[in-house]
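Trainee: What follows is a structure written as structure tokens; I'll ask about it next.
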Amino acid sequence: MEMHQIRYFLAVARTLHFTRAAEECHVTQPALTRAIHLLEEELGGELLRRERTLTHLTELGRRMLPLMQQCYESALSAKTLARSINRGETTSLSLAISRTINLALLTAPLGELSRICARVQLKLIRGSGPEIADLLKRGEAEFALAGPLGQVWERLDTWPLFTEPFELIVNRGHRLAGRNLVEFDQLADERLLVQAACEMAEELALRLSTHDITMAGAHQVTTDHDLIALVEAGLGIAIVPASAIRSERLHSVPLDGLDLTRTVAVYGVAGRKRSPVATMLLNLLRAADWSRYIH
């Protein structure tokens, strides 16, 4: 598969017109048609169908389009980044991160990015869901990593990474620490700790309310480190995502019937030009192995 074949296919998919696509690509129509035909032979089926004056994508073409687009953009980004590296330029990258995302999730992809581009300068910005959406809107972050942001802005592109469950965590000396399973009614006299910036806070409160557990008396914090410190000190218990920060002084206990999950995703702005280093990080995140967080 050659990059020029992918470029020709993308041009026809965008214009739905072979002649205009050939003009855009600065090649003759026969050359464009021949290249796409060779691509179809390699993929084992038609990508485009011409019916008189009507050109349209086949089912295979529709399925291949986003993959071809990603492949082409990645190749362009790699070339641009390589030129920047060869010129010794410093490249900056601003990334917004939800307050509920454990930074350990990013260390491997960021380490690989730094290995490829040693002169990348990172700016990591923490925020709540609405704050993250606002950072993307204003162009102060190229991408964001967070749980569900909801319908905060119609221009958000979303690339889901993994879906994880929520778990009950307690101090290892807590009366519930040795249980194989905890029932909701066993939480009635417990002090809950709530991460107020969590994207799933309202959904969690709703789930608890169905079991007559109120959040009215819960301690509220705005960072995971504060929440973990309070649980470690025995000042409450918490229900947190499986990927949340852990310590040796904490114990995870299954909560019967909780059935609460969140999908962690990368968010970007549709139609906005991305830097090569941002595209490379996106590809590294999407290619990472997230299986350890899917219980």
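Trainee: So, in segment 1-30, exactly how many residues are within 14 Å of M68 (Cβ to Cβ), open to solvent by 10 Å² or more (accessible area, probe 1.4 Å) and not in a loop (DSSP other than H, G, I, E, B)?
Mentor: Within segment 1-30, residues that are within 14 Å of M68 (Cβ to Cβ), open to solvent by 10 Å² or more (accessible area, probe 1.4 Å) and not in a loop (DSSP other than H, G, I, E, B) number 8.
Per-residue answers, yes or no, for (1) in a strand (DSSP E or B); (2) loosely packed, with under 15 Cβ neighbours inside 10 Å:
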{"residue": "L204", "(1), (2)": "no, no"}
{"residue": "I213", "(1), (2)": "no, no"}
{"residue": "D226", "(1), (2)": "no, yes"}
{"residue": "A244", "(1), (2)": "no, no"}
{"residue": "S247", "(1), (2)": "no, yes"}
{"residue": "G257", "(1), (2)": "no, yes"}
{"residue": "V264", "(1), (2)": "yes, no"}
{"residue": "V277", "(1), (2)": "no, no"}
{"residue": "D289", "(1), (2)": "no, yes"}
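Trainee: Take segment 191-200 and flag every residue that is at pLDDT 90 or above and surrounded by fewer than 18 Cβ atoms within 10 Å (Cβ to Cβ).
Mentor: If the condition is that a residue be at pLDDT 90 or above and surrounded by fewer than 18 Cβ atoms within 10 Å (Cβ to Cβ), then R191 is the only one that fits.
Trainee: Okay, next question. Of these, V231, V170, which one is farther than 30 Å from E142 by Cα, open to solvent by less than 10 Å² (accessible area, probe 1.4 Å) and part of a helix (DSSP H, G or I)?
Mentor: That would be V231, the only listed residue that is farther than 30 Å from E142 by Cα, open to solvent by less than 10 Å² (accessible area, probe 1.4 Å) and part of a helix (DSSP H, G or I).
Trainee: Looking for something open to solvent by 50 Å² or more (accessible area, probe 1.4 Å) and touching a Pro at 6+ places or on another chain (Cβ under 9 Å) - is there at least one such residue anywhere in segment 129-138?
Mentor: The answer is no; no qualifying residue exists.
Trainee: Within the set of pairs 6+ apart or on separate chains, which have a first residue in segment 162-175 that is under 12 Å from I237 (Cα atoms), a second that is among the aliphatic types (A, V, I, L, M) and open to solvent by 60 Å² or more (accessible area, probe 1.4 Å), and C-beta atoms under 9 Å apart?
Mentor: Between residues of segment 162-175 that are under 12 Å from I237 (Cα atoms) and residues that are among the aliphatic types (A, V, I, L, M) and open to solvent by 60 Å² or more (accessible area, probe 1.4 Å), the close pairs are N171/A233; N171/L235.
Trainee: Select from segment 75-120 the residues that are part of a strand (DSSP E or B) and modelled with pLDDT under 85 and write down the one among them that is surrounded by the fewest Cβ atoms within 10 Å (Cβ to Cβ).
Mentor: S92
Trainee: Tell me whether segment 7-15 contains one or more residues that are in contact with a Ser or Thr (Cβ under 6 Å, 6 or more places away or on another chain) and modelled with pLDDT under 90.
Mentor: No, every residue in segment 7-15 fails to be in contact with a Ser or Thr (Cβ under 6 Å, 6 or more places away or on another chain) and modelled with pLDDT under 90.
Trainee: Being surrounded by fewer than 19 Cβ atoms within 10 Å (Cβ to Cβ), of a type outside the set (S, T, N, Q), more than 13 Å from I239 (Cα to Cα) and without any contact (Cβ under 8 Å) to a residue 60 or more places away in the chain: is that true of R179 here?
Mentor: no
Trainee: Sticking with this structure for a sec: Looking at segment 58-69, I want the residues that are more than 23 Å from A287 (Cβ to Cβ) and have a partner that is modelled with pLDDT of 85 or more and open to solvent by 50 Å² or more (accessible area, probe 1.4 Å) with Cβ atoms under 6 Å, at least 6 apart or on another chain. Which pairs are those?
Mentor: Short answer, once both residue conditions are applied: T58/E46.
Trainee: Taking only segment 107-129 into account, find how many residues are more than 16 Å from the chain's Cα centre (by Cα) and over 9 Å from A96 (Cα atoms).
Mentor: Final tally of qualifying residues: 12.
Per-residue answers, yes or no, for (1) surrounded by 15 or more Cβ atoms within 10 Å (Cβ to Cβ); (2) of a type in the set (A, V, I, L, M); (3) modelled with pLDDT under 90:
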{"site": "L32", "(1), (2), (3)": "yes, yes, no"}
{"site": "E41", "(1), (2), (3)": "no, no, yes"}
{"site": "E46", "(1), (2), (3)": "yes, no, yes"}
{"site": "T53", "(1), (2), (3)": "no, no, yes"}
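The values are calculated or read from the model by the stated rules, or taken from the named source; none is laboratory data. Since this is a predicted model, take the numbers as computed values, not measurements. In this analysis, Cβ positions are derived from the backbone assuming ideal geometry, glycine residues included, and neighbour counts consider all displayed protein chains. Note: areas computed on protein heavy atoms with side chains; ligands, DNA, RNA excluded. Shrake-Rupley method; radii C 1.70, N 1.55, O 1.52, S 1.80 Å.
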